[in-house]
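What follows is one structure encoded as structure tokens, with my remarks underneath.
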Amino acid sequence: MALHLSDGSATSRAAKVKQFFIELKRRKVYRVAVAYVVVAWVVVQVATQVFPFFEIPNWTVRLVILVLCLGFPIALVLAWAYDLTPSGIKRTEDLRAAAPIPPRPAVEVPEKSIAVLPFENLSDDRENTFFADGVHDDILSSLARIADLKVISRTSVQQYRGSARNLREIAEALGVAHVLEGTVRRSGNRVRVNAQLINARTDAHVWAETFDRELTDLFAIQSELAERIVRALQANLSPREMAGLQVAPTRNLEAYDLYIRARELFRWSGIGDPQENGAKGLPLLERAVALDPQFALAYYLASRIHGELYWFGYDKSAQRLAQAKDAAETALRVRPEMGEGHLALAFYHYYSARDYAAAIRELTLAQRTLPNDAEVAGALGMIDRRRGRWEESILHSERARQLDPRNISAFWNLSETLTYLRRYAEADALLAAAQVIVPDAYMIPIARAELALRAEGDPAPLRKTLQRVPSEFDPGGAVTTIAVRLALMERDYDEAERQLGECSQLKFNDFGLAGFAGALDDYTVPREWYAGLIAEGRGNETAAQETFEEALKVVRADSARSPDDPKTLVMLGLILAMLGRAEEAIAAGERGVQRLPIAADALDGPLLAVNLAVIYTQLGERERALAELSKLVKLPGGPTSGTLRIEPQWDSLRDDPEFQELLKPQPAN
């Protein structure tokens, strides 16, 4: 997909106008308008011709015409809001929410498309699985740099490792015409690589080759393989792309092995604890660049890990950010043409200062050499939704899904966007599809169940789902966070205490699930905060105040390391509000919102503003709280009628008529 740096507001407005007229047609407003005009014309004809015959006064004819004119806009409004169904008159929004999601239109499979399946390790030493993965991955990466090819990303093909392979079914699932499979055997200083390219539609072998070389020739083998495949698929190859195939990532095989191991930790960090995986991966990369200071990909990966540790709240220090920037710039200094360096720098700009213009510039440069990289498209989608460009975000996210059709992260990101837009049925359909692909990704069913909480304020589906999650699955305390917050919503303080007591974490990952009040997505919340809320709920004021004082110490320490972080400031305001320190609490909360307003971030901006409303509510500032909430409920990503109905933070507002108005269901955006 072509990228552009121009202002997309005109495009967005045109898309909205087009969508409005499509919606008029879908809701049968045109049909009702035409039918009304025809019937009105008949009635007027009858009135003008027949009424005089019965000596009915002329003013009645004028009255009929006036009533018909006044009724026309009313008929259009009713046609927009309601549909006539076999089971009676139904609200259109209710029908839309209940309607099944139509399948996406079939996309024609390009002839020059390929999935590179994981290579089988035939070495006697099973540790060489990492080595076989490296061979596979670098062949895939080389092919992915060819713009004339469609190449499926690694995450999607990795799921076919070691499974019985029906190549035709795999190709259909991934949307490709060709499949490459192979084996790797490493013995002493020699390596044998066998590869075969298959036309998945006919099961015909297009090309096969065996390479038996010295280990030092490994990267030459990978380059040769990629060139043979490009020729077999008759893909166009630019001089720059040809030159790129000849570049070895490193000449040091030990450094290469360390990089592969670190890469595995990073790429699967969504399943484990990102902090733990980062702590394991960074030392491997430090050793790799010590062995080969020119190893650009190792610097790239180090930058990505440092950036994620900062963004997800594990280390908000300026030093962590500096390490992310330095590693990205070093990667580009070593290999200026490498797209991964620009990708790392794009994430640095995104994570450090939400500098979206700079991030998009770097993503544009990255895409020139990484045309098949799903991460580039996915990053553009994430940036566009933070800029409030929701439809553009959906288009980029769909592109990422095409390139990585079995990567649950692509499903998750797109479903998140639809959830923020309150298009719950569509979000659920995507999550259901992701659940089929990876049944043991337990955050998927949790996210599905949380939709009922947002839409209706119903905690039952989420409670039942949490009961089915294995107790050992709790990355960074994220599941405990959801369980504790849910128990607090249900005013079940014994259950909240039990859940908190069963987790040994000192800080808890917040994944942005289970409500808005007191939640800060991608922030690590101190244990004492939840302990204080439990004591407060039980009416134990002394214990609550003591515990909140401990939480305050933890967050002040975080603030000292990162004094301008918006989420840390709002967390500080929440704790100070619970301690009754009104002036300090409001100052901290308002400063956090000012540091990251809605205009600068359409996702985190509303979330921070909701929690400023929590601070106002806790301190008895009812009018200010209601003024904030009245604006926020209209925004994508803002609080929902369901969450407002169940979250305990709003209990003091429930008797207010203005708050009762906020509990009416909001339409999809």
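The values are calculated or read from the model by the stated rules, or taken from the named source; none is laboratory data. Since this is a predicted model, take the numbers as computed values, not measurements. With ideal geometry, Cβ positions are generated from the backbone for all residues, glycine too; neighbour counts draw on all protein chains shown. Remember, those area values only see protein heavy atoms, side chains included, never the ligands or the DNA or RNA. Shrake-Rupley method; radii C 1.70, N 1.55, O 1.52, S 1.80 Å.
Which of the residue pairs Lys325/Lys567; Lys567/Lys634; Lys280/Lys325; Lys316/Lys464; Lys464/Lys507 have a Cα-Cα distance greater than 27 Å in the structure shown?
Distance filter (> 27 Å) returns Lys316/Lys464.
Pairing the Cα long axis of helix 318-334 with the longest principal axis of the chain, what angle in degrees results, from 0 to 90 and rounded to the nearest 10?
50 degrees
Solvent-accessible area per residue for the stretch 115-192 at a 1.4 Å probe radius, Å²?
39 Å²
Quick one: net charge of Asp138's neighbours, Cβ under 13 Å, K/R +1, D/E -1?
For residues surrounding Asp138, the net value is -2.
How much accessible area per residue does the stretch 395-448 have, counting only protein heavy atoms and a probe of 1.4 Å, in square angstrom?
33 Å²
Just to confirm the number: angle between the C-alpha axis of helix 622-632 and the first principal axis of the chain, 0 to 90 degrees, nearest 10?
That helix lies at roughly 70 degrees to the long axis.
With a 1.4 Å probe and all protein chains left in place, how much of the accessible area of the chain comes from carbon and sulfur atoms, in whole percent?
Result for the chain: 56 percent of the exposed heavy-atom area is carbon or sulfur.
By per-residue mean of other Cβ atoms within 10 Å, what is the highest-first order of 109-116, 569-576?
569-576, 109-116
With a 1.4 Å probe and every protein chain left in place, work out the accessible area per residue of the stretch 328-380 in Å², rounded to a whole number.
Accessible area per residue: 33 Å².
Can you work out ³J(HN,Hα) from phi for every residue in the stretch 517-523, in order, using Karplus 6.51 cos²θ - 1.76 cosθ + 1.60 and θ = phi - 60°, giving whole Hz and x for Gly and Pro?
5, x, 10, 9, 3, 6, 10
Along the stretch 207-217, what does the Karplus equation 6.51 cos²θ - 1.76 cosθ + 1.60 (θ = phi - 60°) give for ³J(HN,Hα), rounded to whole Hz, x for Gly and Pro?
6, 8, 7, 10, 10, 10, 9, 5, 4, 5, 8
Non-local amide H neighbours of Arg190 (under 5 Å, H modeled in plane, Pro and chain starts lacking H): which ones?
Hits under the 5 Å cutoff: Leu215.
If you compute volume of the Cα convex hull per residue in Å³ for the structure shown, which of [x] 293; [y] 177; [z] 196 do you land on?
Given [x] 293; [y] 177; [z] 196, the calculated one carries the label [z].
Provide the per-residue ³J(HN,Hα) series for the stretch 558-574, in order, calculated from phi with Karplus coefficients 6.51, -1.76, 1.60 and θ = phi - 60°, each as a whole number of Hz, with x at glycine and proline positions.
Working through the residues one at a time gives 4, 5, 5, 6, 9, x, 10, 5, x, 6, 5, 5, 5, 4, 4, x, 4 Hz.
Roughly speaking, what is the centre-to-centre gap between the stretch 586-606 and the stretch 451-514 when only Cα atoms are used, to the nearest Å?
Here the answer is 26 Å between Cα centres.
How far is helix 218-232 tilted, in degrees, relative to the longest principal axis of the Cα atoms in the chain, given as a value from 0 to 90 rounded to the nearest 10?
60 degrees
Summarise the long-distance tail of P(r) for the stretch 445-579 by giving the % of C-alpha pairs beyond 19 Å.
Of all Cα-Cα distances in the stretch 445-579, 49 percent exceed 19 Å.
Just from its helices, what would the mean residue ellipticity at 222 nm be for the chain, if runs of 4 or more DSSP H residues each count -39500 (n - 2.57) and the sum is divided by every residue, rounded to the nearest 500 deg cm²/dmol?
-19500 deg cm²/dmol
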